[in-house]
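Participant: The structure's right below; bear with me while I get my questions together.
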């Protein structure tokens, strides 16, 4: 093992704290964060009717959360390393709970979108703090791999549970409860954190903070995610999109210049010398782009093409959720015995097979014959890929950089999800308006047009995973200890 890969040391003492309780606590915090990524999807029609929102503004209920979460993750990670991970975790939980209360009390779309953005900010503090606490508690190797297996399975299940719970709550007590459910959980977790989680921070406290780098990077990521979301509406070739992408390039280039010159950078560029970590983050952009688009379009496919209600569509995800947990457990077990590379390759192959089966699912098919098999394959592959990428992204990361490592892999996931959905939606919807116009109001032709758009999306997602597979095969080191 290279010198840069020494197992991280926990700067805070674990005396009086139980690793199992710490794992359960940080996993619960992350479960809540991932739950709110997907919980609103099946509640959107109810929210639109209740608040009188337009279709365009409705989209921002989803994108406000994801955009702020993705944009501030790295800043949250460095703040946690510098000022204390437990302290930032508690602050994030309180902010998340208060923002959830505001979301549930919202009387118009603007208030709800703003509150969702604040939820995303709270989540951006919770996620890297919780993950760096986990990696600081468990040493690199089998212990950490098992812990990340639990973390990965719960996070993956949360994404599916959010869909199910969102459908149940919006169809039962009302859509406001999808936000209010977070309030007691978040406040209770913040109160209990001091008893369960030890305080820890980077061994060397930074005297100066890279404010310019943090501002430039966050602005660049926010602009990138916003541009990708808008491009599906205004078009990729418009002056607005091109100018925005040029602005993104300038901001991110400026960030790299700043990081190469400041004495205390937000992201130490030296960590990109770690080949496994670098490849894991690049693969995560493609993999989570495919996953984000797949879940979005599968929900539409079941409702628009198969005629499912939101509640039925939510429960249709249950086998997929079970397989995510199974895949995460399989990955955490295998990766203690072999390198990340073959495990990730296996997970991607299973995922691609499932997406190709969805691509061929007929519009007049049935759940048992045409959706269940692909769901099982995609769920298994999702669990394997999620855990393996999380583990690979921390190979060689020191304790001083644990927070930034956590922020980086989660930023790759969030940015990848936004990028994947934007690009794949553009591909899927390219010919849809013409087909809908040609349908002339015929329900059968409309359903066929919608099925065709979804099929394009599933194929594009499979191609994105194939790109990640190429990265794993040709760029990821073969040895277990390779950085």
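The values are calculated or read from the model by the stated rules, or taken from the named source; none is laboratory data. If you're wondering where the values come from, they're calculated on a predicted model, not measured in any experiment. Please note: Cβ atoms are built from the backbone with ideal geometry, for glycine as well, and neighbour counts cover all protein chains shown.
Participant: Scan the helices (runs of 4 or more DSSP H) fully inside segment 25-124 and keep the ones with 1 or more residues being under 19 Å from the mean Cα position of the chain (by Cα), within 26 Å of residue 157 (Cα to Cα) and not assigned by TED's automatic domain parsing to the domain that holds residue 410.
Facilitator: Of the helices (runs of 4 or more DSSP H) lying wholly inside segment 25-124, those with at least 1 residues that are under 19 Å from the mean Cα position of the chain (by Cα), within 26 Å of residue 157 (Cα to Cα) and not assigned by TED's automatic domain parsing to the domain that holds residue 410 span 55-83, 85-105.
Participant: Being closer than 23 Å to residue 142 by Cβ, in contact with a helix residue (DSSP H, G or I) (Cβ under 9 Å, 6 or more places away or on another chain) and modelled with pLDDT under 75 narrows it down to one of 21, 10, so name that one.
Facilitator: Result of the check over 21, 10: 10.
Participant: Let me ask something else. Can you name the residue in segment 425-451 that is part of a helix (DSSP H, G or I) and out of contact with any helix residue (DSSP H, G or I) (no Cβ under 7 Å at 6 or more places or on another chain) and is also nearest to residue 236 (Cα to Cα) among such residues?
Facilitator: For segment 425-451, the residue satisfying everything is 433.
Participant: Tell me which of these residue 49 doesn't satisfy, since it passes every other one: (1) farther than 19 Å from residue 223 by Cα; (2) modelled with pLDDT under 80; (3) crowded, with 19+ Cβ neighbours inside 10 Å.
Facilitator: (3)
Participant: If we keep just the residues of segment 347-360 that are modelled with pLDDT of 95 or more and more than 21 Å from the chain's Cα centre (by Cα), which is farthest from residue 376 (Cα to Cα)?
Facilitator: Applying the filter and picking the extreme gives 359.
Participant: Checking residue 322 against (1) touching a residue at least 24 places away in the same chain (Cβ under 8 Å); (2) assigned to a helix (DSSP H, G or I); (3) in contact with a helix residue (DSSP H, G or I) (Cβ under 6 Å, 6 or more places away or on another chain), which test does it fail?
Facilitator: Single failed check for residue 322: (3).
Participant: Quick one: is residue 329 modelled with pLDDT of 85 or more and surrounded by fewer than 22 Cβ atoms within 10 Å (Cβ to Cβ)?
Facilitator: So residue 329 passes the test.
Participant: Which pairs have Cβ atoms under 6 Å, sit 6 or more apart or on different chains, and link a residue in segment 169-181 that is in the same structural domain as residue 34 (by TED's automatic domain parsing) to one that is outside any helix (DSSP H, G or I)?
Facilitator: So the pair list comes out as 178/39.
Participant: Also, I was wondering about something else. Going by what's in this entry, would residue 256 be described as in a helix (DSSP H, G or I) and buried (at least 17 other Cβ atoms within 10 Å of the Cβ)?
Facilitator: So residue 256 does not fit the description; no.
Participant: Also, quick follow-up: For residue 139, all conditions in the list (1) modelled with pLDDT under 90; (2) in a helix (DSSP H, G or I) hold save one; what is the number of the exception?
Facilitator: Going through the list (1) modelled with pLDDT under 90; (2) in a helix (DSSP H, G or I), residue 139 breaks only (2).
Participant: Residue 303 versus (1) touching a residue at least 40 places away in the same chain (Cβ under 8 Å); (2) surrounded by fewer than 22 Cβ atoms within 10 Å (Cβ to Cβ); (3) in the same structural domain as residue 341 (by TED's automatic domain parsing); (4) over 17 Å from the mean Cα position of the chain (by Cα): which is the lone unmet condition?
Facilitator: The one condition residue 303 does not meet is (1).
Participant: Does at least one position in segment 432-448 carry a residue that is touching a residue at least 12 places away in the same chain (Cβ under 8 Å) and within 19 Å of the chain's Cα centre (by Cα)?
Facilitator: Looking through segment 432-448, none of the residues is touching a residue at least 12 places away in the same chain (Cβ under 8 Å) and within 19 Å of the chain's Cα centre (by Cα).
Participant: Does segment 332-342 contain at least one residue that is surrounded by 24 or more Cβ atoms within 10 Å (Cβ to Cβ), at pLDDT 90 or above and within 19 Å of residue 389 (Cα to Cα)?
Facilitator: Taking every residue of segment 332-342 in turn, none turns out to be surrounded by 24 or more Cβ atoms within 10 Å (Cβ to Cβ), at pLDDT 90 or above and within 19 Å of residue 389 (Cα to Cα).
Participant: For segment 376-399, indicate whether the set of residues that are modelled with pLDDT under 80, part of a helix (DSSP H, G or I) and not assigned by TED's automatic domain parsing to the domain that holds residue 75 is non-empty.
Facilitator: yes
Participant: Right, another one. Residue 371 - would you say it is in a helix (DSSP H, G or I), out of contact with any helix residue (DSSP H, G or I) (no Cβ under 6 Å at 6 or more places or on another chain), touching a residue at least 40 places away in the same chain (Cβ under 8 Å) and under 17 Å from residue 462 (Cβ atoms)?
Facilitator: yes
Participant: Looking at 469, 459, which is the one that is at pLDDT 85 or above, more than 16 Å from residue 283 (Cα to Cα), assigned by TED's automatic domain parsing to the domain that holds residue 339 and crowded, with 16+ Cβ neighbours inside 10 Å?
Facilitator: Answer to the selection: 459.
Participant: Sticking with this structure for a sec: Could you pull out the residue among 310, 268 that is in the same structural domain as residue 357 (by TED's automatic domain parsing), touching a helix residue (DSSP H, G or I) at 6+ places or on another chain (Cβ under 8 Å) and touching a residue at least 24 places away in the same chain (Cβ under 8 Å)?
Facilitator: Among 310, 268, only 310 is in the same structural domain as residue 357 (by TED's automatic domain parsing), touching a helix residue (DSSP H, G or I) at 6+ places or on another chain (Cβ under 8 Å) and touching a residue at least 24 places away in the same chain (Cβ under 8 Å).
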